[in-house]
1. Regarding residue 41, is this residue at pLDDT 95 or above and surrounded by 14 or more Cβ atoms within 10 Å (Cβ to Cβ)?
2. Might you check whether a residue that is assigned to a loop (DSSP other than H, G, I, E, B), within 21 Å of residue 123 (Cβ to Cβ) and either touching a helix residue (DSSP H, G or I) at 6+ places or on another chain (Cβ under 9 Å) or away from the ligand (no atom under 15 Å from the Cβ) (or both) occurs anywhere in the stretch 12-19?
3. Restricting attention to the stretch 56-73, report how many residues are near the ligand (Cβ under 8 Å from one of its atoms) and out of contact with any helix residue (DSSP H, G or I) (no Cβ under 6 Å at 6 or more places or on another chain).
4. Just the residues that are within 25 Å of residue 136 (Cβ to Cβ) and surrounded by fewer than 24 Cβ atoms within 10 Å (Cβ to Cβ), please, taken from the stretch 99-111.
5. Where in the stretch 52-142 are there helices (runs of 4 or more DSSP H), lying wholly inside it, with at least 2 residues that are within 18 Å of residue 10 (Cα to Cα)?
6. What are the pairs with Cβ atoms under 6 angstrom where one residue, in the stretch 62-81, is more than 19 Å from residue 40 (Cα to Cα) and the other, located anywhere, is assigned to a loop (DSSP other than H, G, I, E, B) and away from the ligand (no atom under 14 Å from the Cβ)? Sequence gap at least six, or different chains.
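The values are calculated or read from the model by the stated rules, or taken from the named source; none is laboratory data. Here the structure is a predicted model, which means the values were calculated and not measured. Ideal geometry is used to build each Cβ from the backbone, glycine not excepted, and the neighbour counts take in all protein chains shown.
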Ligand code: RB5
């Protein structure tokens with residue numbers, strides 16, 4: 001994996017972002033952390049927007065978003081037409097979000113998931129390819 005992975009969170013996802021950031025760095029994956037940088041309250045749409053603009057300017061890059069539930073930040077990210085953000089709570093969802101939906105952003109809930117499961121979800125997301133074929137026609141219709 002030589003593409004850069006962008007990470008962003010609000011305060012609800014901050015701790016999980018830090019955990020996943022270390023996990024990716026330990027696995028020699030290039031990352032850029034767009035914040036937030038503490039547990040102080042911030043607004044998740046601001047971070048979704050920041051990440052969406054990075055994805056737009058870096059061809060074929062992936063993003064990881066974190067908030068308390070993953071819901072708000074995925075909603076905000078999906079307002080940008082080039083973003084296909086998948087809120088995943090299982091490895092199976094992460095796998096399908098890549099194979100069938102060509103998701104380019106994964107959203108995780110820092111107050112929902114364990115660190116261990118989150119790492120497994122991230123691994124699956126980053127290592128699964130889009131199957132194209134019939135799924136490409138559907139993704140194009142989004
Ligand atoms: C912040 O308290 C919380 O609402 C936010 O992290 C997220 O869960 C929103 O969907």
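1. Answer is no for this residue.
2. yes
3. 4
4. Narrowing the stretch 99-111 to residues within 25 Å of residue 136 (Cβ to Cβ): 99-107.
Of everything in the stretch 99-111, those that are within 25 Å of residue 136 (Cβ to Cβ) and surrounded by fewer than 24 Cβ atoms within 10 Å (Cβ to Cβ) turn out to be 99, 100, 101, 102, 104.
5. By residue number, 71-77, 115-126.
6. Taking only residues 6 or more apart or on different chains, the pairs are 62/104; 77/83.
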